[in-house]
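The values are calculated or read from the model by the stated rules, or taken from the named source; none is laboratory data. Predicted model only: the values in this text are computed from it and were never measured. Positions of Cβ are generated from backbone atoms using ideal geometry, with glycine treated the same way; all protein chains shown enter the neighbour counts. To get the accessible areas, we keep the full protein, side chains included, count just its heavy atoms, and leave off ligands, DNA and RNA. Shrake-Rupley method; radii C 1.70, N 1.55, O 1.52, S 1.80 Å.
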Amino acid sequence: MFFLRKTLLALSDNVHLKRFIMLHPLSRRVTRRFIAGETLDEAVHAVTKLNGNGLTATFDYLGENVIRKEDAEEAVAMYLQILETIEKTGIQANISMKLTELGLDFKGTFCAEKLELILKRASLGNHFIRIDMEGSPYTEKTLTLFRQVYSHYKNVGVVVQAYLYRSEKDTEDLISLGARVRLCKGAYNEPPQIAFPKKSDVDENYLRLMKKLLLQGNYPAIATHDPKIIDETKSFARNNGIDSSRFEFQMLYGIRRDLQELLVKQGYRVRIYVPYGKEWYPYFMRRLAERPANVLFFLSSLLKG
Ligand code: FDA
């Protein structure tokens with residue numbers, strides 16, 4: 001399982017496989033389980049349905065590691081359009097974005113300027129923007145840029161990955177800043193020098209960070225589908241008198257819908273990460289890597305036609 005995960009993550013930036021999968025006539029249908037669609041209209045439709053079931057959402061316009069400035073500009077325009085759409089329709093949603101989609105790989109202040117543009121517009125409507133966390137080459141850059149913009153805009157939060165050794169210290173620093181943190185396990189291929197190789201250690205670290213965030217954090221987001229961690233979060237909150245309005249659970253579109261709805265029925269806040277757009281390949285590969293059964297399902301769907 002460990003090797004399958006590593007292999008799938010390594011293939012998530014393979015251009016040949018990307019071309020093959022993206023051009024396969026059945027891919028689009030199969031990936032629909034995890035991706036709300038290719039257009040904003042389709043994503044709005046998915047969010048409206050989620051809102052109807054008591055779930056809030058966060059839009060993610062798929063894209064990462066852009067190499068052309070035009071693509072980063074296009075993503076910025078899309079995020080501004082999402083903000084307008086949220087205001088026009090009144091849907092319950094905010095935004096999640098990756099900094100490499102806004103040009104974090106470019107030299108100079110390009111990415112910072114684009115991010116500030118979005119945050120400025122978002123602050124006018126009191127919208128919240130979450131900066132996703134990408135692979136470890138971007139951890140420090142992302143946190144540095146986050147701290148820079150957080151000194152001017154409080155409507156922005158960031159993500160901590162429990163698999164990284166550094167995350168305990170990052171979590172403490174973010175707590176003392178008063179910043180909103182989403183806690184996740186981590187979805188990239190990381191070496192043992194910087195990340196726990198064993199899943200049980202990742203889970204243990206997740207629980208440790210969850211407790212810190214619940215006790216001292218600012219409206220933390222507990223992002224996981226792991227029923228054991230979710231149960232531990234619920235009982236930790238209960239035992240420490242932490243009201244369910246002081247944090248939210250977050251899950252990915254199409255994963256453990258049963259659990260998403262159960263938590264809402266139990267009175268918890270649940271936000272669903274809703275990805276959409278044409279650049280779905282790396283996101284889709286990360287979802288395959290998380291669960292080997294997804295690979296079998298995907299391959300058999302392609303073969304059955
Ligand atoms: P785990 O992998 O242990 O899975 C627990 C159970 O959930 C599984 O047994 C299965 O039932 C179900 N499950 C999990 N993944 C599944 C899948 N792909 N298909 C079907 N079932 C699945 N990562 C990151 O590095 N940076 C980020 O910014 C974010 N952002 C983010 C936002 C939100 C809202 C979520 C929920 C997750 C992320 N992640 C992320 C991804 C995260 O790091 C992690 O890879 C996935 O959430 C899978 O881990 P779980 O916590 O669900 O546990």
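Odds and ends about this structure:
- Protein accessible area in the chain, 1.4 Å probe - carbon and sulfur %: 55
- Here, P(r) means the percent of Cα pairs in each 10 Å bin from 0 to the largest distance; for the chain it is 6, 27, 38, 25, 4, 0.
- Think of region 36-279 as a dipole: +1 on every Lys or Arg Cβ, -1 on every Asp or Glu Cβ, centred on the Cα centre; then among 245, 67, 264, 245 lies furthest on the positive end.
- Backbone amide hydrogens, once placed in the peptide plane, bring residue 252 within less than 5 Å of 273, excluding anything fewer than 5 places away on its chain.
- Sorted largest first, the principal axis extents computed over the alpha-carbon atoms of region 154-200 equal 34, 17, 16 Å.
- Student exercise, region 199-305 dipole from Lys, Arg, Asp, Glu Cβ charges, in Debye to nearest 20: 160
- Evaluated on region 7-105, the Kirkwood hydrodynamic radius is 15.1 Å, with distances taken between all distinct Cα atoms.
- Two-site FRET efficiency, residue 193 against residue 226, from Cβ-Cβ distance with R₀ of 25 Å, rounded to 0.05: 0.50
- For region 195-200, putting each phi into the Karplus relation 6.51 cos²θ - 1.76 cosθ + 1.60 with θ = phi - 60° gives couplings of 9, 4, x, 8, 4, 5 Hz, in residue order, rounded to whole numbers and with x for Gly and Pro.
- Region 214-305 - Kirkwood radius from inverse mean 1/r over Cα pairs (Å): 15.1
- Fraction of antiparallel bridges per DSSP, region 36-279 only, in percent to nearest 5: 5
- Each of the peptides 113-121, 11-19, 279-287 was scored by the mean count of other Cβ atoms within 10 Å over its residues; in descending order, highest first, they stand as 279-287, 113-121, 11-19.
- Since only 35, 137, 91 are under comparison, the one whose Cα sits farthest along the positive direction of the charge dipole of the chain, derived from C-beta charges on Lys, Arg, Asp and Glu, is 35.
- Note on the chain: helix-only mean residue ellipticity at 222 nm, from DSSP H runs of 4+ residues weighted -39500 (n - 2.57) and normalised by residue number, equals -16500 deg cm²/dmol.
- Net charge dipole size for region 47-152 [Lys, Arg +1 and Asp, Glu -1 on Cβ; Debye, nearest 20]: 260
- The charge dipole of region 36-279, taken about its Cα centre with unit charges on the Cβ of Lys, Arg, Asp and Glu (plus for the first two, minus for the last two), comes to roughly 760 debye.
- Summed over the residues of region 73-166 and divided among them, the accessible surface reaches 41 Å² per residue at a probe radius of 1.4 Å.
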